[in-house]
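Read-outs throughout are calculated quantities, based only on the coordinates presented, and are distinct from any laboratory measurement. Being a predicted model, the structure only gives us computed values, none of them experimental. Every residue, glycine among them, receives a Cβ derived from its backbone with ideal geometry; neighbour counts consider all protein chains shown.
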Amino acid sequence: MTTDSVLYLLPEATLAGVATLIVVLGVFVAWRAVWSWVAAAGLVFAAVFVLRFDGVADGGLLAGDAMASFVRWLVVGSGLLLVMAAARASCRTQTAEYVGSLLFAVLGLLLVASAQDLTLMFVGLELVSIPSYILLYLGGRGVPGKEATAKYFFLSVFSSAVTLYGFAFLYGIGGSTHLVEIHARLIDGVPSGFQLLGALALVLIFSGLAFKIAAAPFHFYAPDVYQGTSPINAAILAVLPKIAGIVAMVRILGVAMPGQSETGWHLALVVAALTMTLGNTLALWQNNVRRLLAYSSIAHAGYMLIGLTVAFAAQQTVDTVSQFDGLAAMLFYLAVYALATIGVFAALTYLGDDQRPLETVDEMAGLGRSRPITALAIAVFMFSLAGVPPLAGFWGKLGLFASAIAFQPGQAGGAQGWLLVLAIIGLLNAVVAAGYYLRIVAVMYFRSSDRPAAGEGGAGAWTASFICALLVLAVGLLPGPMVNASRQAATAARTSVQQDAVERAADVAAGSVPFSQTPAMNEPF
Amino acid sequence: MNLLTQPVGVSHYLVVGAVLFVCGVVCMATKRNALGVLMGIELVLNGANLNFIAFGSHVLNRAGARTLGLDGQLIALFVIVLAAAEAAIALAITLNYYNNQATVDVDHADELRG
């Protein structure tokens, strides 16, 4: 059985090897352009291994289910696009450590994707965060860059510590760091005397992860940091931690903590409504493109939390999986958001030059004439983020709102009405959001400029944004396969915490698990 | 239930952990020196560590009635290593910040706002 999980971890091993190689040898090789190619090759190999060794892991710390493979594909794809978009920067202005750190962050995300244990989950989350500090540090220029790094670092470390504190309580009430065992222990309700700790664990873990996805009231760093750093760094920060946070939310809060759903859906509902309203309203007043997109990414975190709210509320009802599954809608939205965000930041990277990235919305004037293809790609991303049919973002929003509206209560009172209110708030927000997305499109096409954008960000960034635009269009026209994949992922996340329990119980009975985890709880208070 | 009259158990450790956590948060919120903020982070992390070890300890849990294996101790070791990595990066960032601003006062980081 161990061979299986060794082979399953080949993508992670490949990336670890390649990233170490880049960081070590980068000191000696003066020709920097080679490292982007090496990193891209490593990611391609990782993708091949993900395809080849799919879902063959044994139990243990890893969950090699459909959820893991959905997220792994998303992560490897995003990593490849980000390396392409960063190619110019990493061969002109950056040291080899830049692309090496990017690979380490992708590696951390791959671990988060299949982590079924709090220890591995925390190590994975930190392996996403720590390289991102280095990326910010290397990528930012001048005083704003350093300020952005310091702000992000201190807040992010604090959020990790809060998450860890929550994990400690979860470990205490669940009696294990393994999510399957925690689920098995909590399915009958939190043991008496531990109710307070259960709620504390939920609130602390939710707060820590809310920082990672930039949800209100932990969103305030995002605009400053995105504005202070380069577009490609902004893309990395807008996508990688968000994937990590959402996946950890699905694995831990969404499925492994039954019995906390009453607190859970209230909390998630308030945060979701607050986040999207705040993000969309503040985005209306921004003129700096990266700041605007930061508020837009905050708003998208709010939309995604609708899915978590529905999942929490559904835990209370009898049948947990309906046709409109909150978690599935959230995962689909995450993938669509990641594509559009990487695409738009790659396009912004392409439009700038080595000295100065594109800063304000006004600088985008006249792009429709001077850079028709890039302008078209940006327009596609804007329409997708705004949720205009038939682009991918429309199906994402449709799935989320439908899951909230179609929610059927079993005996859980109250949730249905509030979810309807949440869906209406979401719809109103989508209308407000269209205001600033369409403003960018209007500036590009209906205003002329005598100073066209430099457009020296490199062929890699151009290709990355072009591929993203094609993917957004393709998913928009043919959403079926991805909707199915996300649905299977959500179902797998649910079943693997339960099915493994049966297998592991059998293992314990057969004596193949060295430690016994079935003692009676005694009262600590 | 009065903690003062009880033999030392998990709850006492949880209280110490909570005190460390709150001290760390207050320290991060009030210190203007970047290194002071870093100390606050260490306090918060170690408050969590203490909880992990207290929950995992079979000595504290009344003569092994409730053993949780070594998971708690293991995650604490991981956290110590990760905290060291974070401290290294924190010092690099602070040094760099000092080179730019000639101070480690985080209140001077107010260029980006709006």
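Annotation: the residues A:456, B:42, sorted from fewest to most other C-beta atoms within 10 Å of their own C-beta, follow the order A:456, B:42.
Other chains near A:166-177: what is the mean number of their Cβ atoms within 10 Å of each residue's Cβ?
Working: counts 1, 5, 17, 6, 1, 9, 9, 1, 2, 7, 5, 9.
For peptide A:166-177, the averaged partner shielding equals 6.
Averaged over residues, the count of other Cβ atoms within 10 Å places the peptides A:399-405, B:54-60, A:384-390 in the sequence A:399-405, A:384-390, B:54-60, highest first. Along the axis of the charge dipole computed for the protein assembly as shown (Cβ charges of +1 for Lys and Arg, -1 for Asp and Glu, origin at the Cα centre), the listed residues A:295, B:18, A:160 are led at the positive end by A:295. Averaged over the residues of peptide B:83-90, the number of Cβ atoms from other protein chains lying within 10 Å of each residue's Cβ is 4. The residue B:92 and residue A:408 beta-carbon pair, evaluated with R₀ = 45 Å, returns a calculated FRET efficiency of approximately 0.25.
Prolate is the label for region A:88-238, because the ratio a/c of its alpha-carbon gyration tensor axes (a ≥ b ≥ c) is 1.5 or higher and a/b is greater than b/c. Residue by residue along B:53-59, Cβ atoms of other protein chains within 10 Å of the local Cβ number 3 on average. Take the Cα of residue A:285, step 7 Å toward its Cβ, do the same at residue A:473, and the gap between the two points is 3.8 nm. Put the Cα centre of region A:341-370 next to the Cα centre of region A:206-220 and the gap is 28 Å.
For the pair residue A:41 and residue A:447, label points projected 7 Å from Cα toward Cβ lie 4.6 nm apart. Placing a label point 7 Å from the Cα of residue A:355 along the Cα-to-Cβ direction, the residues of region A:417-456 whose backbone N falls under 16 Å from that point are A:451-456.
Go ahead and run the numbers for FRET between residue A:362 and residue A:427, Cβ-Cβ distance against an R0 of 35 Å, rounding to 0.05. Intermediate results must be reported in sequence, preceding the final value.
On the way: r = 30 Å, r/R0 = 0.87.
That pair, residue A:362 with residue A:427, gives E of 0.70.
Here's the picture: a label point sits 7 Å out from the Cα of residue A:31 along the beta-carbon direction, and within region A:449-484 the residues with their amide nitrogen under 20 Å of it are A:459-460. Enumerate the residues in region A:211-255 having an amide nitrogen under 19 Å from the point lying 7 Å beyond the Cα of residue A:463 toward its Cβ. From region A:211-255, the list is A:232.
Dipole of the protein assembly as shown, Cα-centred, from +1 at each Lys and Arg C-beta and -1 at each Asp and Glu C-beta, to the nearest 20 debye? Spell out each step's value before the answer.
Details: 29 positive and 33 negative charges, 226 e Å.
Dipole size: approximately 1080 debye.
Each residue of region B:80-91 was assigned a 3J(HN,Hα) from its phi angle through the Karplus expression (A = 6.51, B = -1.76, C = 1.60, θ = phi - 60°), giving 4, 5, 5, 5, 5, 4, 5, 4, 4, 5, 4, 5 Hz with x at Gly and Pro.
What's the ranking of A:198-210, A:181-193 by average number of surrounding C-beta atoms within 10 Å, highest first?
A:198-210, A:181-193
Fewest Cβ neighbours within 10 Å first, please rank A:300, A:178, A:219 accordingly. Numbers along the way, then the final one.
Working: A:300 31, A:178 27, A:219 24.
So the residues, fewest neighbours to most, are A:219, A:178, A:300.
With helices defined as uninterrupted DSSP H runs, which ones in chain A have an alpha carbon span along their own long axis of at least 15 Å and mean Kyte-Doolittle hydropathy of at least 1.0? Membrane-span-like by this criterion, though nothing is claimed about a membrane: A:10-25, A:33-52, A:66-85, A:96-114, A:118-139, A:195-212, A:231-248, A:326-351, A:372-386, A:392-405, A:415-446, A:459-477. Counting other Cβ atoms within 10 Å as a rough exposure proxy, the listed residues A:91, B:23 run B:23, A:91 from fewest neighbours to most.
What FRET efficiency do you get for residue B:30 and residue A:95 if R0 is 51 Å and r is their Cβ-Cβ distance, rounded to the nearest 0.05?
Numbers: r = 37 Å, r/R0 = 0.72.
Once the sixth-power term is evaluated, E becomes 0.90.
What number, rounded to the nearest 500 deg cm²/dmol, is the helix-based mean residue ellipticity at 222 nm of the protein assembly as shown, given -39500 (n - 2.57) per DSSP H run of at least four residues and division by all its residues? Walk me through the numbers on the way to the answer.
Values: 24 runs with 462 residues, N = 639.
Per the formula, -24500 deg cm²/dmol.
With the simple model of a label 7 Å out from the Cα in the direction of the Cβ, residue A:270 to residue A:454 spans 4.7 nm.
Our summary gives chain A a relative contact order of 16 percent, counting only alpha carbon pairs under 8 angstrom and 6 or more residues apart.
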